[in-house]
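The numbers here are math on the coordinates, done by the rules we state, and not lab data. Predicted model only: the values in this text are computed from it and were never measured. Cβ coordinates were reconstructed from backbone atoms using ideal geometry, including for glycine residues, and neighbour counts include every protein chain displayed.
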Amino acid sequence: MSINDQSDSEYFSSNPVQYRKRLDGQFYETQCEELALSLLGKVLVRHLDDGTIVRGRIVETESYLGHEDAASISYKGKVTPRNEPVFMKPGTAFVYMTYGMYHCFNISSKGDGASVFLRSIEPLDNLNAMASLRKQFKKSTKTVIANKDLCNGPAKLCISFAIDIKSCNKQDLTTWDRMWVEEDENSRLIDTIVCSPRIGIKCEKKWQDKFLRYYIRDNPCVSKIEKTKMKELKYSQIENIK
DNA sequence: GTAGTGATTGCCT
DNA sequence: GGCAATCACTACG
C-alpha cells in the first residue's frame, strides 16, 4: 500500500490500531545498529499534558555509534553536559536542540556513547493533536499539513509529540509514564528495509558515507527517499532483530 | 516539483 | 564567536 494508490486521508483512516506491549530494558540492551533496525515498525507513545495520547509508528532511524563514529556527538569519548544521556542506561531518552529552535530525539543503546536517532514516524492515533502542535509552532497557518507530513523529519516528530529537553531528556523509556515504545505485530510484516548514508552530517567522508540510516521501503512518511547510495535488506532475513 | 535562504539559541572551542 | 543530526517560506518553472 502506498500513498500513490490512495489519498492521504484514505491511507491514514485505514491504519489499524491494536493492543501493544511496552518494550522493556532487555529490548534496548542491544548494539546500536541492531537497535536502530529493531525500532523500525515499533510504536512510539506519548502522553501530552492535556491527557491526550498520541501514537505513531517509527519508520526511519539512524545509528550514531559513539567513540569511533566521527559524526557522533560522543566521538572520541567526549563527555559534555549535553551528551550525557548517550552514556546512560540503554533506553534513556536523549533530546538536544539544534539550529536554535528545533529538537532532535535519540534513544541510547548498548555501546560506548552510542544512540539511535529517530528521523520519521507514521502517525497512528490523535493526528489532530499532532497537527495542532505543528500549527502552533508555525508562523503562518495558511498551509494545510498532510497527515504524512506531520512527523516526517526529526524536528517535526519532536513538535508533533511535544518532545523537548525540559520534559523528556534523560527519561527512562522503560519506566517513565509519559513516553515509551510499544511492540506491534505489524512490525513483523515489514517487507524491505533501505539502508543509506545519514542525512545532514558533515564529517570525514568514511563516516559520512557509511550506511547507518535505515527506513521502511515504500512507507509514505519517510523524510527523504534515497535513489542511488542505498542497499535493500529483506526484513525477515536481518539477524538479531528484536 | 526543487533551489535558495533566513530563523534562532545554547553549547563548545 | 562559530555553528548545528532542520524546517518553512519564497521564487520559479
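So here's what we get for this one:
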| read-out | value |
| --- | --- |
| Links that overshoot a 20 Å alpha carbon limit, given the list A:Lys76/A:Lys202; A:Lys148/A:Lys231; A:Lys78/A:Lys166; A:Lys78/A:Lys110; A:Lys89/A:Lys231; A:Lys156/A:Lys227 | A:Lys148/A:Lys231; A:Lys78/A:Lys166; A:Lys89/A:Lys231; A:Lys156/A:Lys227 |
| Relative exposure of A:Thr174, A:Thr52, judged by other C-beta atoms within 10 Å (fewest first) | A:Thr52, A:Thr174 |
| Gained length - A:Met230 relative to A:Lys242, 0.36 nm times residue gap less alpha-carbon distance | 2.0 nm |
| Cleavage-rule hits, chymotrypsin sites (Phe, Trp or Tyr not before Pro), the range A:113-207, DSSP coil, Cβ neighbours within 10 Å at most 15 | A:Trp176 |
| Sparsely packed trypsin sites (Lys or Arg not before Pro) within the range A:129-183, loop by DSSP, other Cβ within 10 Å at most 12 | A:Lys138, A:Lys139, A:Lys142 |
| Over chain A: helical MRE at 222 nm, DSSP H runs n ≥ 4 each giving -39500 (n - 2.57), nearest 500 | -4000 deg cm²/dmol |
| About the Cα centre, charge dipole magnitude for chain A (Lys/Arg +1, Asp/Glu -1 at Cβ), debye | 820 debye |
| In the range A:25-72, chymotrypsin sites (Phe, Trp or Tyr not before Pro) in a DSSP loop with at most 15 other beta-carbon atoms within 10 Å | none |
| A:Cys151, A:Cys168, A:Cys203 arranged by Cβ crowding within 10 Å, fewest neighbours leading | A:Cys203, A:Cys168, A:Cys151 |
| Residues of the range A:49-84 with amide N under 20 Å of the 7 Å Cα→Cβ point at A:Lys206 | A:63-78 |
